[in-house]
Structure formats: C-alpha cells, structure tokens
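Some notes on the structure that comes next.
A short reminder: the numbers here are calculations on the coordinates, not readings from a lab. Model, not experiment: these values are computed from the prediction. Here the Cβ positions follow ideal geometry from the backbone for every residue, glycine too, while neighbour counts run over all protein chains shown.
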Amino acid sequence: MIKKEAKAVARKRRHLRVREKISGTKDVPRLNVFRSNKGIYVQVIDDETQKTLVSSSTVELKIKNGGNMEAAKLVGEDIAKKCKAAKIKKVVFDRGGYLYHGRVEALAEAARENGLEF
C-alpha cells in the first residue's frame, strides 16, 4: 500500500524549500501569506531583524466569512494601504507553499492594484 503524506506536511516542505531562496530585507521585506479555511493572514516581514513590519487578516478586519475570494481581496487592499503608510513600496512575495491560485492570487492582485510592487 502506498502511504500518502498529509497535505499540511507537503505544504510545509514546499514552504521551507521556497524560504531557502526568498528572504526579506529592510528595503525589500517579505510578504508572507497564510490561509486557513476560516481566514487569510498576511505579514510583511524583515528577515534580517526578524520583525513583522505590517500585518493584516480577516480576523483583524472583522470579516464574517473570511474564507472566500472577496475577503482575500479586502485583505490585499488593506495590506497595500498599510505598506504605503509604512513607506514600503516593494516586497518579495512568499506564497507560503500554497499554489498561486484562488485566494492567494486574489490577495496578490488586490495588493498590486493598490500600489504594492512585487
């Protein structure tokens, strides 16, 4: 019988593989995405000092149904506005081991449309 590993374990492995190549700096921080069934969470991180510069989530925005595309778009807009306020123009996108599809893509496109470069 073939043993199949859990999806979460495979995602973690993909994320670690991506993190070997992607790192955020003070000038170009890393935009990290985490999604769950109930919400989506975004952080802009400076990996050199290991500090979160800006963050946003469906919980923070008090979105009732946070597990859909509209919620992801709202979080993308919010993170772009917060980055503008913090004078962050460019970021490195870290999709967190998730496919660039669906909610992750909607969040990224909304952030780009609101002035964030990556």
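Quick notes on this structure:
- R0 of 22 Å, Cβ-Cβ distance Lys7-Glu105: FRET efficiency to nearest 0.05: 0.75
- Lysine pair count for the range 1-68 with Cα-Cα distance under 16 Å and sequence separation of 8 or more or different chains is 5.
- Between Leu16 and Val59, the simple label model (points 7 Å from Cα in the Cβ direction) yields a spacing of 2.5 nm.
- Summarising the strand pairing of the chain, around 75 percent of its internal DSSP beta bridges are antiparallel.
- Leading residue at positive end of dipole, the chain (Cβ point charges), from Asn68, Ala106, Val91: Asn68
- (i) 54, 35, 21; (ii) 44, 42, 31; (iii) 44, 35, 23, with the label sought being that of the calculated Cα extents along the principal axes in Å: (i)
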